[in-house]
């Protein structure tokens, strides 16, 4: 069973009060008598030393006042010249005073000190002083009965005081417990609401301007930060879910499209290949050269379709095949003839600037495919009577291939997006392709540890790919 903090606080305060007052009474009863006796003995010894410095033959008024002060505090003093009394405290009757003095002068000593009798009823001092060839005797005492009465009276007073303190302390402690615990209970309710993620109006909670108030301010600040962060996390979570859903849908559409497109392409390619083989049976030498060129292109398209089919199921263009050090110059030089007629159809000028003896470690089919995509991209975007320039050159330790075509620039914000799969920049591109050409280039160049990029010129666009050069063998 849990104990309420208010009860614990109240019991603790009352226990502290009881122990404090009780300890004071106990301490007083145990040590007050010894303390008072010791204090009276010291007073008596000090007075005796003072009397020794007085002119006892003729006491002055000031000296008599010193002795009277001691008498007023309950002490008794008698100074004798032999048995003749020259000063005596004015207590009781003369008879009672004389009966109080000890006339056994043999018991008086020069270095006397106050002593308590065996019965502990009186403190006495019997001293002897020599002055001017005379011997004076000093008798002092203090009755302890009055002291005992004082102690008893004080004990009773302290007992009454303890009862009063407890009577006042109980309601005061209850009030202080209420005042202390109430803000803590409010903090507990706040913490419970925060735990349950409930809305909180902090204006409804009034806290004192102390440590608890500071704690409530910190809890408020923490709650606002947590709420803000949770709201932001929820927004991000919603955005991620939405984008993830869109990505999944896009990926499904991509796979379906590539699968369908490549499947549909395989059929006409197979028909074209079969019919060309039948045409080649005529053994027409004039047609043989064209036949071989067409069959070579059909084979390349078949390989590309196979790669696209793989990508539709595995999420990216899969590049495979051996690599070897070969001449990039010879590869590009062997490609230029088949593209001249392509650009002539647009009455455009296509020029090849090829530097000799440039070698890289490459897969020839993949590099040829990448260059082909650059050139086809230039053809699709070049205007009539425009200019295209295909360049191969060495720059430091790099082999740099660039394809420039005159025409419109690409928007700066799209220069980094055109390498994404299915991305198209204008309506013309949408009509002519599905946005895979540059995406395939990027994967091929990446597979060869190269880089590719595009940049605008004042009269057109240049596409570049760079590879590490190697020695011939």
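The values are calculated or read from the model by the stated rules, or taken from the named source; none is laboratory data. None of the values given here were measured: they were computed from a predicted structure. Reconstructed Cβ throughout: ideal geometry from the backbone, glycine too, with neighbour counts over all protein chains shown.
Right, residue 241: part of a helix (DSSP H, G or I), over 22 Å from the mean Cα position of the chain (by Cα) and modelled with pLDDT of 75 or more or not? Yes, satisfied. A Cβ distance below 9 Å, combined with a sequence gap of six or more or placement on separate chains, defines the contacts here; from the stretch 70-96, residues that are surrounded by 19 or more Cβ atoms within 10 Å (Cβ to Cβ) reach residues that are at pLDDT below 80 and in a loop (DSSP other than H, G, I, E, B) in the pairs 76/91. Taking the stated definitions as given, is residue 167 at pLDDT 75 or above and in a helix (DSSP H, G or I)? It is true that residue 167 is at pLDDT 75 or above and in a helix (DSSP H, G or I). It is to be established whether one or more residues within the stretch 84-104 are closer than 23 Å to residue 144 by Cα, touching a strand residue (DSSP E or B) at 6+ places or on another chain (Cβ under 7 Å), at pLDDT below 75 and not in a loop (DSSP other than H, G, I, E, B). Taking every residue of the stretch 84-104 in turn, at least one turns out to be closer than 23 Å to residue 144 by Cα, touching a strand residue (DSSP E or B) at 6+ places or on another chain (Cβ under 7 Å), at pLDDT below 75 and not in a loop (DSSP other than H, G, I, E, B). Within the stretch 343-354, the set of residues being surrounded by 15 or more Cβ atoms within 10 Å (Cβ to Cβ) and assigned to a helix (DSSP H, G or I) comprises 343 only. Of the residues examined, residue 273 is not one that is surrounded by fewer than 11 Cβ atoms within 10 Å (Cβ to Cβ) and either in a helix (DSSP H, G or I) or modelled with pLDDT of 75 or more (or both). Taking the condition at pLDDT 70 or above and outside any helix (DSSP H, G or I), does residue 217 pass? Criteria not met by residue 217.
For (1) modelled with pLDDT of 70 or more; (2) assigned to a helix (DSSP H, G or I), each residue gets a yes or a no:
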position	(1), (2)
8	no, yes
26	no, yes
47	yes, yes
56	yes, no
63	yes, yes
67	yes, yes
79	yes, no
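Any idea how many residues of the stretch 359-406 are closer than 24 Å to residue 447 by Cβ and either modelled with pLDDT of 95 or more or assigned to a strand (DSSP E or B) (or both)? Step through it out loud before you land on a result.
Of all residues in the stretch 359-406, those closer than 24 Å to residue 447 by Cβ come to 359-378, 390-403.
Next, only the ones that are either modelled with pLDDT of 95 or more or assigned to a strand (DSSP E or B) (or both) stay: 359-362, 390-395, 398-403.
Residues that pass the stated criteria total 16.
In the stretch 388-398, the qualifying residues are those that are in contact (Cβ under 8 Å) with a residue 40 or more places away in the chain and over 57 Å from the mean Cα position of the chain (by Cα), and the one that is farthest from residue 333 (Cα to Cα) is 388.
Just one of the listed residues (365, 380) is touching a helix residue (DSSP H, G or I) at 6+ places or on another chain (Cβ under 9 Å) and under 18 Å from residue 330 (Cβ atoms), and it is 365.
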